[in-house]
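Enquirer: One structure coming up, written as structure tokens, with questions to follow.
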Amino acid sequence: MPGLYLAAILVSAAGVALLDRRWRLAAWRAPGRTAAAVGIGTAFFLAWDAVGIAAGVFVKGDSTLLIGLDLAPHLPIEEPFFLAFLCYLGLVVHAGALRVLGRSTAPDPHETREAA
């Protein structure tokens, strides 16, 4: 079924965004920094892919799950979406781990402080 892979990426990203919204871990805490980190990370990994494709290490296999539109040879349209999702997921997991471990460096501006 064409497009199923992209749909799975988008549904997964929506789930991560809901967790992020609920716990204010990345985009809901610092939207500018999150967008910059995801953008820079995605650009880095796309450059990595380009080097791998040029070296013949990365090749696109045939799959009925892909839409079939390529941005470049061996670079399907789904790749930037996957890489952006990967970067965003990494930020959310990192922020969540810091919170669980009690090492969050910045207080959540939406939390109320108790009177001393």
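Enquirer: Considering only segment 21-36, state which residues are touching a residue at least 40 places away in the same chain (Cβ under 8 Å) and of a type in the set (D, E, K, R).
Expert: R24, R29 - these are the residues of segment 21-36 that are touching a residue at least 40 places away in the same chain (Cβ under 8 Å) and of a type in the set (D, E, K, R).
Enquirer: Considering only residues that are free of Cβ contacts under 8 Å to residues at least 60 places away in the same chain and either within 19 Å of the chain's Cα centre (by Cα) or under 26 Å from T34 (Cβ atoms) (or both), which ones fall in segment 52-83? Steps first, answer last, please.
Expert: Residues of segment 52-83 that are free of Cβ contacts under 8 Å to residues at least 60 places away in the same chain, as a first pass: 52-63, 69-76, 79-80, 83.
Matches in segment 52-83: L71, L75, P76, E79, P80, L83.
Enquirer: Please go through segment 51-85 and pick out each residue that is within 19 Å of P31 (Cβ to Cβ) and not aromatic (F, W, Y).
Expert: Scanning segment 51-85 gives a single hit, A84.
Enquirer: Provide a single number: the residues in segment 38-62 that are touching a Phe, Trp or Tyr at 6+ places or on another chain (Cβ under 7 Å) and in a loop (DSSP other than H, G, I, E, B).
Expert: 0
Read-outs: derived from the displayed coordinates by stated rules, not from any lab. The model shown is predicted, which means the values in this text are computed figures rather than measured ones. When we count neighbours, we look across all protein chains shown, and the Cβ atoms used for this are built from the backbone with ideal geometry, even at glycine.
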